[in-house]
Amino acid sequence: MLTTHFESPRPDVIKLILPVMNTHSTQSSIQLAGTACLYNLTKGQMGEQIHPHILRDVVHTTLTAMNNFPNHSQLQKNGLLTLCCDRILHEVSFDKYRCARLVLDCLLTFNDPSTDRMAVAICSILAAKISTTQTALLGAKSVYMRKLLSLVQTRMEERAVDITLKFTLSALWNLTDESPATCEVFLAEKGLHLFLQLLNVFARDAAVETKVLGLLNNIAEVSPLRGALINQHFVAQLKTLLWSPNVDVSYFAAGIVAHLVCASEDSWNEPGISKEDLLEELGKVVISWEQPKEEMVAYRSFQPFIPLLTALNMHQVQLWAVWALHHVTTKNSKRYCHMLVREGVDDVLRKLVALPHSNTCVRELAEKVVDVLQENGYTKEL
C-alpha cells in the first residue's frame, strides 16, 4: 500500500480518499482500503501536522465505515487504530457520543486483546468528555457493563495489572461519574463484589486502588445507593485505606467516608461498624494531608459537595469537602473558580466563613478558597 511509505503529511491525498469513501459508503472493499489509508496518513508525527478540520472529516468518515460494517474485524481494527490517538481524542471536534457507542459495540462484537485494549483506551477518554446524559445512555446498558466488568474479572483472575485493566477501570470510573443510572447497573451486575475483591488482590497497588475508590466514590454520592457500601467488610477496608501513604488513595477513601456518614441512621444498623469512629478517623486523616504537587482529581460539577458543606453537625465531612475544593481551585483555578461561582458553591463557602460556631479548621480552609476566588476576580462581600 502506497500510503505506508509516506514520510511527510499528505492532506492532499486524504482529501482525495474521503470523497471516494463517502460516495461508496456501502462497498466493503473500498471502506476497508480507505480506513487503512486514513490510518497510515494520520498516525504518529504525520497526524500532528494535519489541520484539525481535516482530522474531523477523517473521524466522521471512519465512524460511518464502522457503523456500516460492524462485523468486519479488520475494518473495525483500522478504525480503532485511527481513533486511538491523543490528538484526535483531545483536540478534534467530532460526535464523541457516537464514537464511544460504536467503539463499545466493537468491544462487544470481537474477542481480541488488541481490540479490547484500543476500545477501552478510547472509551476511558471519551467517557469524560461527553455529557452525563450521554454517559448514562452508555453506562446504563447492561451489555456494555457486563463486558467491561468481564475484562476486569479476567485480569483479576490472572493477577495482571496491564494497560487494558487500567483503561477499563478508568472507563468505568468516568461512566459512573454523576450518573446514578450507571451506578445502579454497576451494582446490579455485581460490580461492587468484584471491586471489593480488586482491593484485596491488588492491595498496595496505588493506581488500581485509586481508580477503584474513585468509582466507589461515585456510588457513594448517590444517596439511595449508599447502603450497598455500608457493611462491616468494606468499612474495615476503608479504615485501612484512609491511612494509605498515597494521598490519592487516602483522598478517595475519605471522600467515600464523607458521603457514607451522611446516609440515614437506618443504614448504620449493622453490628460491628461505628459511624462515630469513621468520622473521627476522617477528621484526623484530612488534617494530616499535604497538598500534592499535581492535580489529582477532575470534577464535572460541585453539586455533590453542597450536602457535605452544609453538614453542620459533622465538621469532619465539611473539612474533607473544603479541602477538596481548595485543592482543585489552587491547582486549576481557571476551570474550577468559574464552576464554583456558576453553581453557587461560593455562597455556601462564604456562609461557612461567616458562621461564628463553625469548626476553626473548616472556617480557615473555606476562607482560603474564598481568597483564591478573589485572586481570580470573583469578589463578593462576606
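Coordinate-derived values only; no laboratory data. Keep in mind that this is a model prediction, so the values were computed, not measured. Reconstructed Cβ throughout: ideal geometry from the backbone, glycine too, with neighbour counts over all protein chains shown.
For this structure, a couple of remarks:
- HN-Hα J in Hz across region 67-77 - Karplus 6.51, -1.76, 1.60, θ = phi - 60°, x for Gly and Pro: 5, 6, 10, x, 9, 8, 4, 5, 5, 4, 5
- Working note: 222 nm ellipticity from helices only, DSSP H runs with n ≥ 4, each -39,500 (n - 2.57), summed and divided by the residues of the chain, gives -21500 deg cm²/dmol to the nearest 500.
- The chain: angle of helix 96-109 to the longest principal axis, Cα-based, in degrees nearest 10: 80
- Using θ = phi - 60° in the Karplus curve 6.51 cos²θ - 1.76 cosθ + 1.60, the 3J(HN,Hα) couplings for region 307-321 round to x, 6, 5, 9, 7, 5, 8, 9, 5, 5, 5, 4, 4, 4, 5 Hz; x is entered for Gly and Pro.
- Shape call, region 106-233: gyration tensor on alpha carbons, a/c limit 1.5: oblate
- Against the chain, whose longest principal axis comes from its Cα atoms, helix 345-354 is set at around 20 degrees.
- Rg over Rh [alpha-carbon atoms, Kirkwood Rh] for the chain: 1.03
- Sites counted here are GluC sites (Glu not before Pro) in a DSSP loop (not H, G, I, E or B) having no more than 13 other Cβ atoms within 10 Å; the longest part of the chain that contains none of them is 8-289.
- The lysines within cross-link reach of Lys166, meaning a Cα-to-Cα straight distance under 26 Å and a gap of 8 or more places when in the same chain, are Lys43, Lys77, Lys96, Lys129, Lys141, Lys147, Lys190, Lys211, Lys239, Lys293, Lys331.
- Length released on extending from Glu290 to Thr360, taking residue separation times 0.36 nm less the Cα-Cα span: 23.4 nm
- GNM result for the chain, Cα springs below 10 Å: residue of Val370, Val317, Val348 fluctuating most strongly: Val348
- With Cα atoms, 0 to 90° folded angle of helix 142-158 axis to the chain main axis: 80
- One Cα centroid belongs to region 87-106, the other to region 321-363; the line between them spans 34 Å.
- Most mobile listed residue (Asn246, Asn71, Asn217) in the chain, GNM with C-alpha springs under 10 Å: Asn71
- P(r) for region 298-382, from all Cα pairs and a bin width of 10 Å, is 19, 59, 22, 1 %, short bins first.
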